[in-house]
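Everything on this sheet refers to the single structure shown next.
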Amino acid sequence: MGTPLSTSARTPEPFEVEAAVPRVTLRNWFTHPYDSAIAAARTCYSPRLITPEEITDKQRLTIGAATYYGGHHTVYQHAHFEFGLENVSRQFVWSFLHAHPFYNSEQQSQRYVRQDRAVAYIPPASEKFGRRERAIYESAVARAWSRYRELTELLKPVARAILADIWHVSAMSHPKRAAKVERQAEKRAIEVARYVLPVAAGTTMVHTLSGIVLHRLWRMHAASDTPAEARAVVGEMVARVREADPQFFDRFEQAPLEELPEATHKPTLEGDEFAREFDARLEGRTSRLVDFSPRAPRVVAEAYRAVVGLTEAGCADAEALARLLDPARNPYRLQTLNVGVHAPMMRALQHAHYTFAKKLSHTADSQDQRHRMVPGSRPLLTLADTRTPDFITPMLIAADAQAREVYEQAMEEAWAAKNELLDRGVPAEFALYLLPNAKAIRLVESGSLLHLLHKWTMRTCFNAQEEIYQASMEELEQLRAAHPELGRWIGPPCHLRAGITTPICTEGSHFCGVKVWLDFPKTPRRI
């Protein structure tokens, strides 16, 4: 039994909420992006390489129109733009910026960066979001940050005790060893406490994309849960590119799509029913295999033989699979650089596909969606909202009664504030910013064995995010049941490398402290 919550725990000290005002800077870009695109188009029909300096205004007009309006957009993909994005919400990043595969981001981590300031997206003032609604919104944000601070302090000693046991730290241990445990305990505490922070929380990133993707983002800014924020941020990105080269946008009519097919599916208050139905299909799992290539081992073996020019008599299926997947026989499996799509024989794994239904928290799915070659159909939360609290509880919180009590109170507070705003007529787009990182996301995700192999190698490491690790382990278990001849060769880097090469662990100073390779997949993960 946990100790009763203190008075201060019931009424946490409030934070002062700071409005996250987006700031967009263009850090790096092509010198002549538009003329480079036209030169690339001309090169297709020229006996030599055409340079941007050769482009005439007539060519800018005629070739530009022919390529853009004709759908020949690869010429606009050469130019890339590196942006610095500050104070954008995590909801915007999850729902829009990272909802497609064609980008690269380095984003500030809530797992490892303590959130000492309550910086959050604040909806614009309107008839439906007046002073009273803003007060409700900001109070909810401030409470969430106070719960975050409270949980961080509650979880540090819990994490410290587990880590000290794993690393065999005692009063007699070297001070550096004890200090390392102390630092890791702090990181583990904030990693878990962040689940109570709202998805309105501001974040900062370096974000790089091609010119044609920026055109698409501007066209499709309304296709998310955050159309107002998307229009503002992407509008600034477009403005920065216009300053560098006005032609890149001004040569074309580029009106954003304001009415999207998804918008016709108005919320019908079925979110709670949908959640129950989806969860029933999971059958108690985080991730459930719902479809797969039934002849995957045979097809993969045949594809391998096609690459290397062997007959089945010369290389039976079992031998082909061993050559592909056994790390002792295939040095590609030991590479930390993901070279699968460049290795001719590894491309044979593209022909086996697996589909999973899964349920993760918003914060875990924000990391899961970065595996861009394993795409998912994720919900529009404005169409799948639940009136009742619907969240994931990390195991460090679930195992501690006092932390669990604070956590569940934070969930009740977040949903109560969100529902109050909805009842007052605030658009769901803005009310849902108050949802916590813990909000359950239900999705369907598919990938080829080649790209799942990379994901499962990275995410069965003990340093992986808790929920993605759990989902990956469940997926591997189901793969081994469906196709044992494939699943036997998959696991974290240390499992693959042990007895073959050094170092066994590729994490260096971030080694988890557990010799997972000795008994994978049976080694228990305690934190």
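The table for this structure:
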read-out: Principal axes of region 283-368: Cα extent on each, largest first, Å; value: 48, 30, 19
read-out: Order of exposure, largest accessible area first, which applies to TRP456, TRP167 with probe 1.4 Å; value: TRP167, TRP456
read-out: Accessible area in the full protein assembly, largest first, 1.4 Å probe, for TYR45, TYR69, TYR433; value: TYR45, TYR69, TYR433
read-out: Span from the region 31-73 Cα centroid across to the region 482-527 one, whole angstrom; value: 50
read-out: Helical mean residue ellipticity (222 nm; -39500 (n - 2.57) per DSSP H run of 4+; nearest 500) of the chain; value: -13000 deg cm²/dmol
read-out: Normalised contact order of the chain, rounded percent, pairs of Cα under 8 Å and 6 or more residues apart; value: 19
read-out: All-pairs alpha carbon distance profile, the chain, 20 Å steps from 0, percent; value: 19, 48, 30, 3
read-out: Area accessible to solvent at VAL158, 1.4 Å probe radius, in Å²; value: 40
read-out: D (Stokes-Einstein, µm²/s), Kirkwood Cα radius, region 32-164, 1.306 mPa s at 10 °C; value: 79
read-out: Exposure ranking of LEU496, LEU310 by accessible area [1.4 Å probe, largest first]; value: LEU310, LEU496
read-out: Reach of LYS418 by Cα under 20 Å, taken over lysines that are not fewer than 8 positions away in the same chain; value: LYS128, LYS266, LYS439
read-out: R0 of 35 Å, Cβ-Cβ distance THR311-THR502: FRET efficiency to nearest 0.05; value: 0.40
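The values are calculated or read from the model by the stated rules, or taken from the named source; none is laboratory data. Everything numeric here is computed off the predicted structure, so don't read it as measured data. Don't worry about glycine lacking a Cβ; one is built from the backbone with ideal geometry, like all the others, and counts go over all protein chains shown. Accessible surface areas use protein heavy atoms only, side chains included; no ligands, DNA or RNA. Shrake-Rupley method; radii C 1.70, N 1.55, O 1.52, S 1.80 Å.
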